[in-house]
Amino acid sequence: MPFTYICAMIGKDLQYAKEQLVAGELVAIPTETVYGLAANALSSAAATKIFAAKNRPSFDPLIVHTNSWQRVSQWVQEIPDTAHRLAAQFMPGPLTLLLPKNDSIPDIVTAGLPQVGIRLPSHPMTQSLLAMLEFPVAAPSANPFGYISPTRAQHVEDQLGDKVSYILDGGACQVGVESTILAFENHQVIVLRKGGTPVEAIEAVIGPVVIKAHSSSNPQAPGMLKSHYAPKVPFLLGDLKKLVTQHRGKKIGILAFSDGLEDGSIAFQEILSPQGLLAEAAQGLFAAMRQLDQMDLDVIIAEFVPEEGLGRAINDRLRRAAAH
Ligand code: TXA
Ligand code: MG
């Protein structure tokens, strides 16, 4: 039915999504963090399509997704005890663990690195899809390289609609920022990216971790590249009032945490959480950034949120947007 196929570019058909993935095609999938651009992780030909669709450099490795922790041992060499404890506590959920890969994972997936990022997304629709598949899927965020991650099916359609076979619509992402990425080195746990699982929650389970999430020169995780998640409009970060005064006369958009500004010179204002809730702010962050980026503004002015819990991931994304 070619006609329905064209109209069903976005839909909830798990069987169709499965068929496309089995055929080596790209399918956008909802996760609790952001939408992913998925392909068979055991096929280099399929994984290659991801890099082409995103215009992503081949040195930037992909995270591999599956539905159950039991399956992971098929694709990695050994699993440290700490990883088992973290998995028991936080998976499925917004956490990625770097583990030594075995030969089943093609080198292109890990960009030649010996470790593979493993993640178990908790979104029910994607859980079902992954359970239907005999292979795991490699999936970066479903945005063109360097742009803001998508948290709605429509965001994917807007930017990559002509490059994917199907977009599985799972609604708005509940967490809204990408997974926290952890590596295991010399009996230490290293945070390579702050994300949807707060560092405080991780430390409560396994004790102190080392945070290395800010590198601009030699990115071990290129998601660590400073300029990432960047809107096209100049994005400034700091004290809202001061910055608005400095930019008076321009068409200004505001990205505020809980309180907006009463100022006639502001063209558009996004308030992330009027109640001051970090989870709500994270959930709406990328959609708000996209919205502002489409308003034909001269400048976007944003402020930090409290540096705790999910706020640390939010501030990290704001800093990267501003680093552009
Ligand atoms: O929440 C998420 O993690 C989302 C959803 C779709 O699962 N995925 C995501 O993927 O954010 P991506 O590719 O946009 O960001 C993953 C980051 C990349 O910047 C990559 O450098 C890092 O994870 N990464 C992946 N595998 C790695 C590896 N083997 N070694 C070091 N860094 C790795
Ligand atoms: Mg990304």
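The values are calculated or read from the model by the stated rules, or taken from the named source; none is laboratory data. Every value quoted in this text rests on a predicted model; they were computed, and no experiment measured them. Every residue, glycine as well, gets a Cβ built from its backbone with ideal geometry; the counts of neighbours run over all protein chains shown.
Overview of values
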read-out: From the options R320, R290, residue that is at pLDDT 95 or above, surrounded by 15 or more Cβ atoms within 10 Å (Cβ to Cβ) and closer than 24 Å to A172 by Cα; value: R290
read-out: Those residues of the stretch 168-198 which are over 20 Å from S128 (Cβ atoms) and acidic (D, E), in sequence order; value: E178, E185
read-out: Single match in A41, A46 (criterion: crowded, with 20+ Cβ neighbours inside 10 Å and closer than 27 Å to G176 by Cβ); value: A41
read-out: Some residue of the stretch 205-221 being at pLDDT below 95 and either closer than 21 Å to A281 by Cα or buried (at least 19 other Cβ atoms within 10 Å of the Cβ) (or both); value: yes
read-out: Residues that are in contact with a Pro (Cβ under 8 Å, 6 or more places away or on another chain) and within 16 Å of ligand 2 (Cβ to nearest atom), drawn from the stretch 120-146; value: P121, S141, A142, N143, F145
read-out: Pairs where the first residue, in the stretch 238-266, is farther than 24 Å from P306 by Cβ and the second is in a helix (DSSP H, G or I) and among the basic types (K, R), C-beta under 8 Å, 6+ apart; value: none
read-out: Hey, E19 part of a loop (DSSP other than H, G, I, E, B) and of a type outside the set (S, T, N, Q) or not; value: no
read-out: Wholly enclosed helices (runs of 4 or more DSSP H) of the stretch 58-166 bearing at least 2 residues crowded, with 17+ Cβ neighbours inside 10 Å, at pLDDT 95 or above and near ligand 1 (Cβ under 9 Å from one of its atoms); value: none
read-out: Residues of the stretch 167-179 satisfying the condition of being charged (D, E, K, R) and within 9 Å of ligand 1 (Cβ to nearest atom); value: E178
